[in-house]
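The structure under discussion appears below in the form of structure tokens.
Bear in mind these aren't lab numbers, they're just calculated from the coordinates by the rules spelled out. In this text, all values refer to a predicted model and were calculated from it rather than measured experimentally. Here the Cβ positions follow ideal geometry from the backbone for every residue, glycine too, while neighbour counts run over all protein chains shown.
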């Protein structure tokens, strides 16, 4: 069983970061949430973009954020998600 972050694999660290961000009790700024969304989509779906054709403005912002990561590898998206999560968790002191 891994004892520290250097021994954990990227998928484990990514899942832990995702779980912690999902459980935050304090709100996160909308622009930061868009970055989380984009990294999540790129990490899990890559460049296989899908878009709801409705006129929902929020969906448009989400799609645009994801499109900006076009060409980023799944591994890099996971690393960026983890780094952003660590920054937010440190800033909000919400590590529980």
| task | Apply the Kirkwood formula to segment 29-96: the hydrodynamic radius equals the inverse of the mean of 1/r over all pairs of different alpha-carbon atoms; give it in Å with one decimal. | result | 12.6
| field | Footprinting exposure proxy for 8, 41, 62 (fewest neighbouring C-beta atoms within 10 Å first) | value | 8, 62, 41
| task | Run the quick spin-label model on residue 61 and residue 44: label points 7 Å from Cα toward the beta carbon, then report their separation in nm to one decimal. | result | 2.0
| task | Arrange 61, 36, 49 by Cβ neighbour counts within 10 Å, fewest through most, would you? | result | 49, 61, 36
| query | Which order do 16, 80 fall in if you start with the one that has the fewest other Cβ atoms within 10 Å? | reply | 16, 80
